[in-house]
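A short write-up of the structure that comes next.
The values are calculated or read from the model by the stated rules, or taken from the named source; none is laboratory data. Not measured: the values here are computed from a predicted model. Cβ: placed from backbone, ideal geometry, glycine included. Neighbour counts: every protein chain shown. These area figures cover heavy atoms from the full protein model, side chains too; ligands, DNA and RNA do not enter into them. Shrake-Rupley method; radii C 1.70, N 1.55, O 1.52, S 1.80 Å.
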Amino acid sequence: MTVFMNIINKEIPADIIYEDDICMAFLDVNPSAPTHVLLIPKKPIKKLSDASPDDQAILGHLMVKVGEITRKLGCEDAFRIVINNGKDAQQTVFHLHLHILADRPFHWPPG
Ligand code: 5GP
């Protein structure tokens with residue numbers, strides 16, 4: 001079990017900005033941008049490449065919530081979504097999460 005399950009279960013605190021039956025969004029404790037939200041499914045899918053066809057509705061739900069959350073934060077016109085998949089891609093918490101980053105300049109290609 002990861003720390004994100006503890007956050008879902010309200011066993012450790014987090015600045016929760018959105019929650020429903022399927023997902024939760026909260027501020028990253030070590031932000032990489034002035035706005036840095038983590039959006040996670042409540043189902044503990046370890047990483048994106050572990051998602052199965054049964055998870056299609058969950059993944060779609062997360063994508064739709066990105067728009068809702070960024071509108072709420074006022075950054076809907078300029079944000080970046082990052083999903084680190086696997087240790088060598090810098091994933092450190094093995095519970096699928098979308099990083100929503102905003103309110104700073106972005107460059108391409110990403111690092
Ligand atoms: P990853 O490197 O796996 O893509 O991202 C994990 C993210 O989770 C990191 O940005 C890290 O700062 C964040 N994080 C790790 N532990 C906690 C925690 O206990 N609370 C919150 N809010 N964020 C966490």
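Annotations
- Residues of the range 48-66 classified as open to solvent by 50 Å² or more (accessible area, probe 1.4 Å) and either assigned to a loop (DSSP other than H, G, I, E, B) or in contact with a Lys or Arg (Cβ under 7 Å, 6 or more places away or on another chain) (or both), total: 0
- Taking every residue in the range 19-37 that is touching a residue at least 12 places away in the same chain (Cβ under 8 Å) and near the ligand (Cβ under 9 Å from one of its atoms) and pairing it with any residue that is assigned to a loop (DSSP other than H, G, I, E, B) and of a type in the set (A, V, I, L, M), at least 6 positions away or on another chain, the pairs with Cβ-Cβ distances below 6 Å are PHE26/ALA14.
- Members of the range 85-107 found to be open to solvent by 50 Å² or more (accessible area, probe 1.4 Å) and either under 16 Å from the mean Cα position of the chain (by Cα) or within 10 Å of the ligand (Cβ to nearest atom) (or both), listed by number: ASN85, LYS87, GLN90, THR92, PHE94
- Test: residue in the range 1-10 that is surrounded by 12 or more Cβ atoms within 10 Å (Cβ to Cβ), touching a residue at least 60 places away in the same chain (Cβ under 8 Å) and hydroxyl-bearing (Ser, Thr, Tyr): yes
- In the range 67-84, the residues that are assigned to a loop (DSSP other than H, G, I, E, B) and within 16 Å of the ligand (Cβ to nearest atom): ILE83, ASN84
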